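J.: Have a look at the structure that comes next, please.
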Amino acid sequence: MAMVDYYRPLRLNQIDSSLQEEIKRTCGVDVELCLECGKCTGGCSNAHIFDLTPRKIVQLVKLGDEKRLLNMDSLWTCVSCQLCVDRCPSHIDIPRIMDYMREKARKKNVRAQRESIEIFHELMLDSIRKTGRVAEAPLALKHNLRTRQYFKDAELGGRMFFKGKLNPLSPKVKNVKQVKDLFAQTIDKKEG
Ligand code: SF4
Ligand code: SF4
């Protein structure tokens with residue numbers, strides 16, 4: 001599929017609606033309801049560091065520009081805070097689109113532009129898979145080791161530990177099997 005330039009006028013025959021339909025079918029998010037008002041971008045907590053803003057992301061879904069969506073840096077810097085959903089008059093669930101496209105990128109082996117963010121994402125998923133929660137101390141430690149930033153956050157981590165804000169033992173949730181089953185049904189599911 002040819003990549004579509006967002007800023008250029010499009011011919012109708014360049015628009016591919018298959019991604020829009022796929023997102024509606026798999027995520028239950030209908031981007032057709034977008035009014036292009038831009039409230040999502042205005043309210044987004046991370047728009048200042050996004051390469052593509054939430055409004056543009058919704059438009060690219062409508063245009064079917066999957067290649068650009070899979071390669072965008074914003075895919076890895078969305079923090080799923082839901083502010084855009086709260087602001088949207090049509091309640092379009094952009095973080096759900098982000099989650100779906102991020103997993104699609106991983107399955108297609110499309111790498112993030114910044115390796116350290118992808119490593120963080122993998123470690124965070126692994127922590128949730130094994131313990132049912134994000135265990136901050138082991139997560140930060142593993143991330144710093146993998147990215148060879150051995151002493152990063154050491155001072156802050158020490159202060160947090162002595163104030164009782166950091167638990168190095170990372171206890172599991174009660175029903176961790178339920179979490180593992182959820183992973184097996186979604187993120188870890190092999191493509192059929
Ligand atoms: S969920 Fe993502 S896209 Fe939406 S406001 Fe938060 S950071 Fe921005
Ligand atoms: S706030 Fe909702 S309707 Fe407005 S541009 Fe964003 S996604 Fe579209």
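J.: Against the condition under 19 Å from Thr186 (Cβ atoms), surrounded by 18 or more Cβ atoms within 10 Å (Cβ to Cβ) and within 16 Å of ligand 2 (Cβ to nearest atom), how does Ile92 come out, does it pass?
T.: no
J.: Moving on. How many residues does region 95-121 hold that are touching a His at 6+ places or on another chain (Cβ under 7 Å) and either on the phi > 0 side of the Ramachandran plot or buried (at least 19 other Cβ atoms within 10 Å of the Cβ) (or both)?
T.: Count: 1.
J.: Which residues, taken from region 15-27, are among the basic types (Lys, Arg) and surrounded by 13 or more Cβ atoms within 10 Å (Cβ to Cβ)?
T.: Lys24
J.: For region 92-121, which residues satisfy the criterion of being touching a residue at least 12 places away in the same chain (Cβ under 8 Å) and part of a loop (DSSP other than H, G, I, E, B)?
T.: Listed by number, the residues that qualify are Ile92, Asp93, Lys108, Val110, Ala112, Gln113, Arg114.
J.: Given the options Lys56, Lys142, Lys130, name the one that is part of a helix (DSSP H, G or I), without any contact (Cβ under 8 Å) to a residue 60 or more places away in the chain, out of contact with any helix residue (DSSP H, G or I) (no Cβ under 6 Å at 6 or more places or on another chain) and in the same structural domain as Leu166 (by TED's automatic domain parsing).
T.: Checking each option against the conditions leaves just Lys130.
J.: Step by step: first the residues of region 28-44, then only those that are within 18 Å of the chain's Cα centre (by Cα) and surrounded by 15 or more Cβ atoms within 10 Å (Cβ to Cβ), then the one that is nearest to ligand 2 (Cβ to nearest atom). Which residue is that?
T.: Looking at residues that are within 18 Å of the chain's Cα centre (by Cα) and surrounded by 15 or more Cβ atoms within 10 Å (Cβ to Cβ), I get Cys40.
J.: Sticking with this structure for a sec: Any chance you could count how many residues in region 59-92 are within 13 Å of Gln20 (Cα to Cα) and either of a type in the set (Val, Ile, Thr) or within 12 Å of ligand 1 (Cβ to nearest atom) (or both)?
T.: Residues that pass the stated criteria total 2.
J.: Would you please name the residue that is nearest to Gln185 (Cα to Cα), looking only at residues in region 154-170 that are in contact with a Leu (Cβ under 9 Å, 6 or more places away or on another chain) and surrounded by 13 or more Cβ atoms within 10 Å (Cβ to Cβ)?
T.: Among those that are in contact with a Leu (Cβ under 9 Å, 6 or more places away or on another chain) and surrounded by 13 or more Cβ atoms within 10 Å (Cβ to Cβ), it is Ser170.
J.: If you take the residues of region 66-84 that are of a type outside the set (A, V, I, L, M, F, W, C), closer than 18 Å to Ala112 by Cβ and within 16 Å of ligand 2 (Cβ to nearest atom), which of them is surrounded by the most Cβ atoms within 10 Å (Cβ to Cβ)?
T.: Across region 66-84, the extreme among qualifying residues is Ser74.
J.: Scan region 28-46 residue by residue and report those that are within 13 Å of ligand 1 (Cβ to nearest atom) and either touching a Lys or Arg at 6+ places or on another chain (Cβ under 9 Å) or hydroxyl-bearing (Ser, Thr, Tyr) (or both).
T.: Selection gives Val29, Gly38, Lys39, Cys40, Thr41, Gly42, Gly43, Cys44, Ser45.
The values are calculated or read from the model by the stated rules, or taken from the named source; none is laboratory data. Only a predicted model underlies this, so the values are computations on that prediction, with no experimental measurement involved. Note that we place each Cβ from the backbone using ideal geometry, even for glycine, and neighbour counts take in every protein chain shown.
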